1. Averaged over its residues, how many other protein chain Cβ atoms are within 10 Å of peptide A:30-41's Cβ atoms?
2. Could you give the dipole magnitude of segment C:150-242 about its Cα centre, charging the beta-carbon of Lys and Arg +1 and that of Asp and Glu -1, in debye to the nearest 20?
3. Might you report the magnitude of the Cβ-based charge dipole of chain C about its Cα centre, with Lys and Arg at +1 and Asp and Glu at -1, to the nearest 20 debye?
4. With springs only between Cα atoms under 10 Å apart, run a GNM on chain B and tell me which of B:Leu273, B:Leu298, B:Leu30 wobbles the most.
5. Taking amide H positions as placed 1.01 Å from N in the peptide plane, with prolines and chain starts having none, which residues 5 or more places from C:Val124, or on another chain, fall under 5 Å of its amide H?
6. Taking the Cβ of C:Ala301 as the center, what net charge do the other residues with Cβ under 14 Å away carry, scoring Lys and Arg +1 and Asp and Glu -1?
7. If I take every Cα pair under 8 Å that is 6 or more residues apart in segment C:280-445, average their sequence separation and divide by the length, what percent do I get for the relative contact order?
8. Using the Cβ atoms and a cut-off under 13 Å, what net charge is assigned to the surroundings of B:Leu98, where Lys and Arg are +1 and Asp and Glu are -1?
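Read-outs: derived from the displayed coordinates by stated rules, not from any lab. What you are looking at is a predicted structure, and each value in this text was computed from that prediction instead of being measured. As a convention, Cβ positions derive from the backbone with ideal geometry for all residues, glycine included, and neighbour counts pool all protein chains shown.
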Amino acid sequence: MRNLKRLVIVFSLVFLLVGCNDQKIIETLGLMSVMCFDKATDSVEGNMLVTSTFPSITEESNRKETTIDTIAFSKKDAERKLAAKTEQEIVNGQIRSLIFSEDFAADGINQIIHSVERDQEIGSQVKVVISEGEASAILEAIPTESTGNYVDKMLRKESDQFNIPYLDIHYFSRDMHDDGIEPVAPLVGIEDGEVVVKGAALFRDDRYVGKLTIQESKLLLLMRGKVKKSDLVIKIPQETGYRTLYFTYNHSKAETKVKKKGTEIEQVDIHVSMVGSLLEDTGTKMNGNSSTDNNEVQKLIDGYLSNEAVRLIEILKEKKADSLGIKGYVRNSLTYQEWKKIKEEDLFQKIPINVTFSVILQNKGMLE
Amino acid sequence: MSEKIAPFHLAILIYMIQSGVTLYKLPRMLAVNFGTNGWIMVLIVSFIVIINILLISLVIRFRIGENVFEIMEGLISVKVMLPFYMLLAVTWSLLAILVSKDFILITQVLSLQNTNSSMLIVILMVLTFYLGMKDVYTISKATNIFFILTIWMTLLMIYHIPHTSFLRLTPFIFKEGKNAVEGIIQVYTGFLGFELVLFLFPYVDQSKPKWFHSVYYGHLITTIVYASTCFMSYLYFSLDQLKITSYPVLNLIAYVEIELIERIESFVFNLFLMKILVTLVLYIWASCLLLERAIPKLSRKQSLVILIVTGMLLSLKVNVMADVGNWLLIVGFVAAGLAVGLPIILLIVIGIRTYRGDHRA
Amino acid sequence: MIRRKPKKLIKKLKELNDQQHSEPSLELSLYEQVVNELEGCSDREDIHFPELQVNLIYFNHLVDKDRFQSEILDPFYHVTKEELSSLLKRSFYKPVADLKEVIDGILDGETAIFDKERVFLANVAGGEKRNIQPSETETAITGPHEGFIESGETNLSMIRRRVRTSRLKVNKLPVGEVTKTNAFLLYVKGIANDELVTELTHRIEKIEIDAVYDAHMLSQLIEDQPHSLFPQFITRERPDSIAAGLVEGKIIIILEGSPAIIIAPSSFFDFFETGDDYYQRWLTGTATRLLRFGAFIITIAFTALYVSVTTFHYEMIPESLLTTLAVSRSKVPFNPIYEAFLMEMTIEFLREAGARLPTKVGQTIGIVGGIVIGQAAVQAGITSNVLIIVVAISAIASFVVPSYVMSASIRLGRFGLILLAGLLGNLGIMIGITILVIHLSSLTSVGAPYMSPLSPFFPKDWKDFLLRAPYKMMKTRPTMARSSNKSKQRND
């Protein structure tokens, strides 16, 4: 038991010497919640305009958001320069989202992604967002006090409803490094001074190459895999105006099959099956005995989706963005040698992709 | 107090000695050295380890004498064995110190960057000393609780299931790998620790005839934990991403976010302190046995201090991550050689002695 | 420490004691020797019966006055000189010859009867004692309410009434060189492990100390590791718990003058059990137990976690809490660790003050502490209100632990953890927990592992550990009692 005494002595000696250098006491920190990257004209100071916001607490214990920006060469360079502009110690462990402007992302964001992944203080669930127009404008347009959190929550809500793809820094980095798929990021923009989710941003490796509308990005998600719940507003042109259907589906599955002839790849089939309910149909007639026909509606939706899918694949092929991960399926159907041979070719553009849908109406709400 | 370690606890002890900070790097090591589907290698190496354990079980079954020392000294006198004992003791304590340095350096990647790393190592050594002073039965009792406090981490993997995809696994096996031999050695060193059963068995309750099975069970737990973690990493990361991620398992844990606490990795990683401590203490404990056999005058306290200080002095200059990695590779290789070599030598000794007509204990 | 240092002193005292006894001048009669011995004890009563030539010596306040009147005084008033010798032949009058025995008897409350050269002791011991009341430190909601009192015999009787078997054995062992307090060691023969009985008897006999006043004190004198932070024997104040302990094969130690009764061996987890667990439905009993273990974790680590997170690991705070925490900390001039120490100390002051004060004043303390300090400290910006909540929760959680002794130990351990957290953050907390685990698992209670059934792992004992399994499943006695008769229910 004399050990215990010695132990106490040794420990107290050691502890006198350690620890305090690393203290990061919460109220002394400027906790960045978001970082925006815009392109800046090359100068001696840097090539990117980085804007960030962090809360500061006023004398009356009120929280207020401070926004500062700087021109820098890299993310860490920017952090250092931002820190010089405030009395708080700038830290990045609470960053929730990174917003890139279209111009900036078009040049590739590999450097930033790696910097974030290398930084041990930043978590893996940081959202990556592309903004139409200037990224810093998004910050100004956000109404609440906690900017980063607002973007985070908005994106989470939208991706939970399968309107836009979910994307955080880990997903981005993973798909960027995968030779079978390309990342897809959410796209936000400003309409009438309000921040709006616009759709999806397509990438080829780390370069932004094009965008999809919300409707298109929903379709993309349908074709990529399981969708737990989402909805579609389907407009079908008629003799006079449109017939509008509102279809909500709660289970959809996508099956991707690679058809081969010998070692040659013939075609990739994507089959999407979805089950859901019809909650609106402007084609309903006034007289009672002509209820909405299940088969007719299913066919209508099917046809609409098939058309849209063809259009979407054209867009993807044009942008050379394999956001569906077709290459991955092809890879997994080949031997390693075969794959190595065709890996570098423009596989995605060459392979014909056929999308089929099977739509099942489970119910039609409270009306027949 | 002469309570014996129950077989069940032996299994836990073996698992806790085996698994350590290697787990954090294992998926990357596999990805770099074996490429696609490297996780299968864990199972293959685990099988090789089982053969190694089989050798040890033969030694224990056919032993002449109470412990390893009695087996050896029946043929070769203590004086001849003395330098060998000392060398073995130093190797193992050096291995232990290197493992602890590795742990501290990874800790400092996460937090406490500005603290002097040697201070942290001293703290760890004090803990080692504290636990090392207890008898092996108490060590086993403490290990038990450490096991319960750490094993649940494996369950965190459930969180990652929605983020995985079999697509990323690819049908290719061991393609795009760099250096398979080095890889196998690295994975093998990740399994090291089972060889200590050679020194542990006199303290184990051998009333049940199948007590040795628990060594296999312990190794099985390690294999399951290693293989499932690596498998999960291959599903969660893309291959090229895995290759550039220093500590994939740390990223895995970091991805878990719950309402109450975010970024639990800074907490969970520190739990590994307990696993490391068990590895550390048992290697040093075995070294102590060796040293005390060589110099019987030493008390446990003295031999502990001597070994810890020797290990620290030998690795005084090794303070950078890359250096520690290289040293670990070399010392790990030596230790792996010992794990294979020791039982073979012992079996030869037993063979000669049986031939001479010595009686089995 | 008590055992080691004052040995010399005790020896001297012993010699002194022996001297007093062994130095009777030969000429004096036993009666005169006793009178000499009790010289200066003005509370001594001396009664003469000149016609019988009988003297009585006793302490008035140690005897039961009614019985003394009817069983001693009355016979002696009515007896004639001739009848006296036949009266004294009754077994009620115990002949003694030794001075020491006489003195001890008188001090025990017996009456010494001096008939010429012969001496008898008559036991009419009694005197004032507390009535049986519900225990204050171990209250029960369901289950029996009576609690032990300070009289060893009453306590014994309460246990005997509950465990009505001839196999319940009682060893009487005096402790304390000066006080000669009686300790009773109880066990059920055939269930309890005989080695444990011998070991404990030996340990009690070995005690060399002036005085033992309370069971908690005695338990510290016979513990395996007296320097540990944690108590290694649990004490209970309710006879039903003690009866349960006896039946489980444990050994019970009653100390005269103490309402707390020791159960040996005990494990760490025994301190989290109450009688209520067994009387409630098994699901509710289990839930309550889990709640207590949760409270244990919170009380030992919650404040430390606060300190660690606010000092080192800001990235662990979820966004929703971030603002609240930063705002509440913004006006505080101290480091989180000082802040935490300040508040923890305040709570300890409050608790200690509340424990010592009479109930009526105690309420004032509550108001002053709760409202004035709590509110004002936050408003003045000395502490953050989040910390107040954290500290309050850990304080409440600490009182969920049923054993006061254990709860005090845990609270002390908490300070160490807070210090470590303030120095090294999460790593510090982990180091603290590691030390705690190593220490706890190295403890033993009369040789039985303190952390059982968690470590060593006794799966059979888990039915009465985190769980309170249905009675149908509780078929075996706990392993740590090392009972020779393992089964406590018929196996159907």
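1. Details: counts 0, 7, 0, 2, 0, 0, 0, 0, 0, 0, 0, 0.
Average per residue, whole number: 1.
2. Values: 13 positive and 14 negative charges, 146 e Å.
Dipole size: approximately 700 debye.
3. Details: 54 positive and 57 negative charges, 462 e Å.
Charge dipole, chain C, about its Cα centre: 2220 debye, nearest 20.
4. Of B:Leu273, B:Leu298, B:Leu30, the most mobile in the Gaussian network model is B:Leu298.
5. Amide H neighbours of C:Val124, under 5 Å, 5+ apart: C:Thr111.
6. On the way: positive: C:Arg411, C:Arg414; negative: C:Glu344.
It works out to a net charge of +1.
7. On the way: 147 pairs, mean separation 68.7, N = 166.
Relative contact order comes out at 41 percent.
8. Values: positive: B:Lys101, B:Lys317; negative: B:Asp102, B:Asp323.
So the surrounding residues net to 0.
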